[in-house]
Amino acid sequence: MPKKITIRIDGELAPALEGTTILEAARDAGRRIPSLCHMEGLQDVGACRLCVVDLNGSGRLVPACTTPVQEGMTVVTNSPKLTAYRRMIVELLLAERNHVCSVCVSNGHCELQSLATQLGISSVRFRYRYPKLPVDLSQERYVIDHNRCILCSRCVRVCAEVEGAHVWDVMARGIHSRVIAEMASPWGEASTCTSCGKCVQACPTGAMAEKGRAVEEMVKRSSPVSGAASRKKGAVA
């Protein structure tokens, strides 16, 4: 059985189990730490960096989703510095690709949009890149719009860890990174794809959607996917 330890979160003592992450301990203690790449039951990779917290008052920022708790650890999850940092990350995400909410199938149901609203972002201080990215319509049931992808890798992980198909991966680096099916093939030509739709439901934005959905109609059902991931993770453990 994991050893029970005590940490301090935002000045209050909180119980935690050894081996869990700061993010898990904070949520168990009722503290909400924003994140876009975390999904219950999937292996955390610290892709979005929105869950960074201040560790031991040192000013050192660490990702809560990949940092394990330690006895006596002191964590600050919310401060003016952290809020400013998170706002900057979301603004950079909005500026990096073409997130036009008014014509998005996930408008009103998008995690990136919701987080921007929660952080009070009404404008972006950075110059928009307006990249010319493709929309892959080759799959019979689903579509992937790279203009709305935030590279959280949830689709990659749910496909590999839950479905076991390993269809998706991320190619290139930096602003040129892109989610690809198999060896950069059109999604419809991916022989390993089972058309299960788990990647679509795991996607936090309108980057992956079901065909036939109009603006605001794509409501993701991530709970069954994360539930299946948690059960599979528990069975392996």
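Tabulated values for the structure
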{"read-out": "Subset of segment 6-27 (residues that are in contact with a Pro (Cβ under 8 Å, 6 or more places away or on another chain) and open to solvent by 10 Å² or more (accessible area, probe 1.4 Å))", "value": "T6, L17, E18, G19, T20, T21"}
{"read-out": "Pick from segment 170-229, criterion under 12 Å from C155 (Cβ atoms) and of a type in the set (V, I, T), ranking: nearest to the chain's Cα centre (by Cα)", "value": "T205"}
{"read-out": "Selected residue (criterion: nearest to the chain's Cα centre (by Cα)) from residues of segment 1-39 that are in a strand (DSSP E or B) and of a type in the set (S, T, Y)", "value": "T21"}
{"read-out": "Restricting segment 56-65 to residues that are out of contact with any Lys or Arg (no Cβ under 9 Å at 6 or more places or on another chain) and over 13 Å from A26 (Cα atoms), the residue that is most open to solvent (accessible area, probe 1.4 Å)", "value": "R60"}
{"read-out": "Condition check for A47: without any contact (Cβ under 8 Å) to a residue 24 or more places away in the chain, open to solvent by 30 Å² or more (accessible area, probe 1.4 Å) and under 21 Å from the mean Cα position of the chain (by Cα)", "value": "no"}
{"read-out": "1 or more residues of a type in the set (D, E) and open to solvent by less than 70 Å² (accessible area, probe 1.4 Å): qualifying strands (runs of 3 or more DSSP E) within segment 97-213", "value": "142-145, 208-210"}
{"read-out": "Condition check for I5: in contact with an Asp or Glu (Cβ under 6 Å, 6 or more places away or on another chain) and farther than 30 Å from R127 by Cβ", "value": "yes"}
{"read-out": "Failed item in (1) in contact with an Asp or Glu (Cβ under 7 Å, 6 or more places away or on another chain); (2) surrounded by fewer than 18 Cβ atoms within 10 Å (Cβ to Cβ); (3) not in a loop (DSSP other than H, G, I, E, B), with L82 passing the rest", "value": "(2)"}
{"read-out": "In segment 40-52, residue farthest from D169 (Cα to Cα) [restricted to those that are aliphatic (A, V, I, L, M) and part of a loop (DSSP other than H, G, I, E, B)]", "value": "L50"}
{"read-out": "Selection within segment 138-159 - hydrophobic (A, V, I, L, M, F, W, C) and over 15 Å from the mean Cα position of the chain (by Cα)", "value": "V143, I144"}
{"read-out": "Failed item in (1) under 23 Å from V156 (Cα atoms); (2) β-branched (V, I, T); (3) open to solvent by 20 Å² or more (accessible area, probe 1.4 Å), with V52 passing the rest", "value": "(3)"}
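The values are calculated or read from the model by the stated rules, or taken from the named source; none is laboratory data. All figures in this text were calculated on a predicted structure; none of them were measured in a lab. Every residue, glycine among them, receives a Cβ derived from its backbone with ideal geometry; neighbour counts consider all protein chains shown. When the accessible area is computed, the model is the full protein with side chains, heavy atoms only, and any ligands, DNA or RNA have been set aside. Shrake-Rupley method; radii C 1.70, N 1.55, O 1.52, S 1.80 Å.
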